[in-house]
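S.K.: This is the structure, below, for whatever I ask next.
The values are calculated or read from the model by the stated rules, or taken from the named source; none is laboratory data. Nothing here was measured: the structure is a model prediction, and the numbers come from that model. When we count neighbours, we look across all protein chains shown, and the Cβ atoms used for this are built from the backbone with ideal geometry, even at glycine. The protein model used for the area step is the full one, side chains on, heavy atoms only, and it has no ligands, DNA or RNA in it. Shrake-Rupley method; radii C 1.70, N 1.55, O 1.52, S 1.80 Å.
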Amino acid sequence: MRTIVRQSLAGHFQEIRDKIPMIPAVPKRYGKVSTVIGTIVECTGLQASVGEIYTIHTINNKPIQSEVVGIRENETLLMPYDRVEGLQSGCLVELSSRPMTLAIGDAMLGRVVNADGMPIDNKGPILNGDHQPVYNEPPGPLERGRIVKPMMTGVRALDAMNTLGEGQRMGIFAGSGVGKSILLGMIARTSSADINVIALIGERGREVSEFITDSLGEEGL
């Protein structure tokens, strides 16, 4: 009987030893939602830094990514990236990552992503392991190159009457429905730039599809 007990205990301790490497060296620490005011979520129990990304576990099992935007006494102020549906006092808050990063590289070419860098074009995930932080230090004023080389847009009226330079900033200002998106699509298809990164800020949902299909087309993508 003693032999059987020893063998049973030995097997039990060996099972514990096998699981020890699986235990994280630093235990996870959770906070809790205390107050929700508009788009600001106040949490307690976190040792957070401004810019970190946290996941809020809602009561409807839809996690919400949030960024630390402030710290007030013992409370952390989070700004959610999504609607605050399903939030209530006591919801768990878990550290998701350090400052927000986005995937970059050739795998992004021709893809359509949302504001979080997630694909919305039904072409599958973007398989790229190279991530860069969203917030970067700008180059020094004296390190910036001068604008000396023209950039050809492929639009004759612009190239002749309003020549642009590489590194120059330009704005297109006009009323609605007069062709800003059409012009942007023309520049994307015919300019001398190797890569175009186009962000549609504040556009209606239907206009995004129209711009991709009509203004850009396969050549533009």
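S.K.: Can you give the relative contact order of the chain as a percent, counting alpha carbon pairs under 8 Å and 6+ residues apart?
M.R.: 13 percent
S.K.: Still on this structure: So, with a 1.4 angstrom probe, what is the percent of accessible area on the chain that is carbon and sulfur?
M.R.: 55 percent
S.K.: A further question follows. What translational diffusion coefficient, to the nearest whole µm²/s, does the stretch 25-70 have by Stokes-Einstein, given a Kirkwood radius computed over alpha-carbon pairs, a temperature of 25 °C and 0.890 mPa s viscosity?
M.R.: 212 µm²/s
S.K.: Over the residues of the stretch 98-221, compute the C-alpha Rg and express it relative to 2.2 N^0.38 Å. Write out the running numbers ahead of the final one.
M.R.: On the way: Rg = 16.5 Å, N = 124, 2.2 N^0.38 = 13.7 Å.
With N residues counted in the stretch 98-221, Rg over 2.2 N^0.38 Å equals 1.20.
S.K.: With every protein chain kept in place and ligands, DNA and RNA left out, what is the accessible area per residue of the chain? Probe 1.4 Å, answer in Å².
M.R.: In whole numbers, the chain has 74 Å² accessible per residue.
S.K.: While we're on this one: For the stretch 145-199, count all C-alpha to C-alpha pairs, find those more than 18 Å apart, and express that count as a whole percent of the total. Don't jump to the answer; show the numbers that get you there.
M.R.: Numbers: 484 of 1485 pairs.
Here the tail beyond 18 Å accounts for 33 percent of pairs.
S.K.: Based solely on C-alpha atoms, express the radius of gyration and the Dmax of the stretch 87-154 in angstrom.
M.R.: Every Cα atom of the stretch 87-154 included, Rg and Dmax give 18.4, 58 Å.
S.K.: So for the stretch 25-138, Kirkwood radius off the Cα pairs, Stokes-Einstein at 37 °C and 0.692 mPa s: how many µm² s⁻¹?
M.R.: 213 µm²/s
S.K.: Right, next: Considering just Cα atoms, how many Å³ per residue does the convex hull of the chain enclose?
M.R.: Given the Cα convex hull of the chain, per-residue volume reads 242 Å³.
S.K.: If you don't mind, another one. Once both labels are modelled 7 Å past Cα along the beta-carbon direction, what's the residue 161-residue 199 spacing in nm?
M.R.: That separation, rounded to one decimal, is 3.0 nm.
S.K.: When the helix-only estimate is applied to the chain (DSSP H runs of n ≥ 4, each -39,500 (n - 2.57), divided by the residue count), what is the mean residue ellipticity at 222 nm, nearest 500 deg cm²/dmol?
M.R.: -5500 deg cm²/dmol
S.K.: Additional query: Cα centroid distance between the stretch 99-176 and the stretch 67-89, in Å?
M.R.: A separation of 30 Å, based on Cα centres.
S.K.: Of the GluC sites (Glu not before Pro) in the stretch 84-157, which ones lie in a loop per DSSP and count no more than 12 other C-beta atoms within 10 Å? Can you show the working numbers first?
M.R.: Working: sites: 85, 94, 143; in loops: 85.
Loop-located and lightly packed - 85.
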